[in-house]
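The values are calculated or read from the model by the stated rules, or taken from the named source; none is laboratory data. Everything quoted here is computed from the prediction, not taken from an experiment. Heads up, the Cβs are rebuilt from the backbone with ideal geometry, glycines too, and the neighbour counts pull from every protein chain shown. When the accessible area is computed, the model is the full protein with side chains, heavy atoms only, and any ligands, DNA or RNA have been set aside. Shrake-Rupley method; radii C 1.70, N 1.55, O 1.52, S 1.80 Å.
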Amino acid sequence: QVQFVESGGGLVQPGGSLRLPCAASGNIFSLAYIAWYRHSPGKQREWVAQVSNSGSTNYAGSVRGRFTISRDNATNTVWLQMHSLKPEDTAVYYCNYKRLIGNSAGPPIGSWGQGTQVTVSS
């Protein structure tokens, strides 16, 4: 199955920006939805954003207006552009994929990779 490798994380000051690539090991054209998640210690893994194969996007309220998800099927890469970063955005960021169940996105079904650490601190 398709494997994802996240990268691009690091230390950034509040208000700064990062762009995270998620590189897939295979063709992502058939993946109905690809999503970014994040996980902080002591909290549940949180869904952040998703993009369908048609380019339709959805965002968690905590990141809406600051983050942008996109996919490039030609290069099998999914991106998360992050602006106006806040300390609350500090987490390990992961990508995964979903399938259609009925007319909605189902749960993530891919394996979880190592993720990439994003730390927002002054």
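Which of the residues spanning segment 47-60 are open to solvent by 60 Å² or more (accessible area, probe 1.4 Å) and assigned to a strand (DSSP E or B)?
Within segment 47-60, TRP47, ASN58 qualify.
Being without any contact (Cβ under 8 Å) to a residue 24 or more places away in the chain and of a type in the set (Gly, Ala, Ser), is that true of even one residue in segment 81-103?
There is at least one residue in segment 81-103 that is without any contact (Cβ under 8 Å) to a residue 24 or more places away in the chain and of a type in the set (Gly, Ala, Ser).
Out of all the residues in segment 85-107, is one or more part of a loop (DSSP other than H, G, I, E, B), open to solvent by 30 Å² or more (accessible area, probe 1.4 Å) and either farther than 19 Å from GLY16 by Cα or at pLDDT below 95 (or both)?
yes
From the set of residues in segment 18-43 that are over 11 Å from ASP89 (Cβ atoms) and of a type in the set (Gly, Ala, Ser), which is least open to solvent (accessible area, probe 1.4 Å)?
If we take residues in segment 18-43 being over 11 Å from ASP89 (Cβ atoms) and of a type in the set (Gly, Ala, Ser), then ALA35 is least open to solvent (accessible area, probe 1.4 Å).
Among the residues of segment 73-84, which ones are out of contact with any Pro (no Cβ under 9 Å at 6 or more places or on another chain) and open to solvent by less than 60 Å² (accessible area, probe 1.4 Å)?
ASN73, ASN76, GLN81, MET82
For segment 61-72, what are the residues that are part of a loop (DSSP other than H, G, I, E, B) and crowded, with 16+ Cβ neighbours inside 10 Å?
Listed by number, the list holds a single entry, VAL63.
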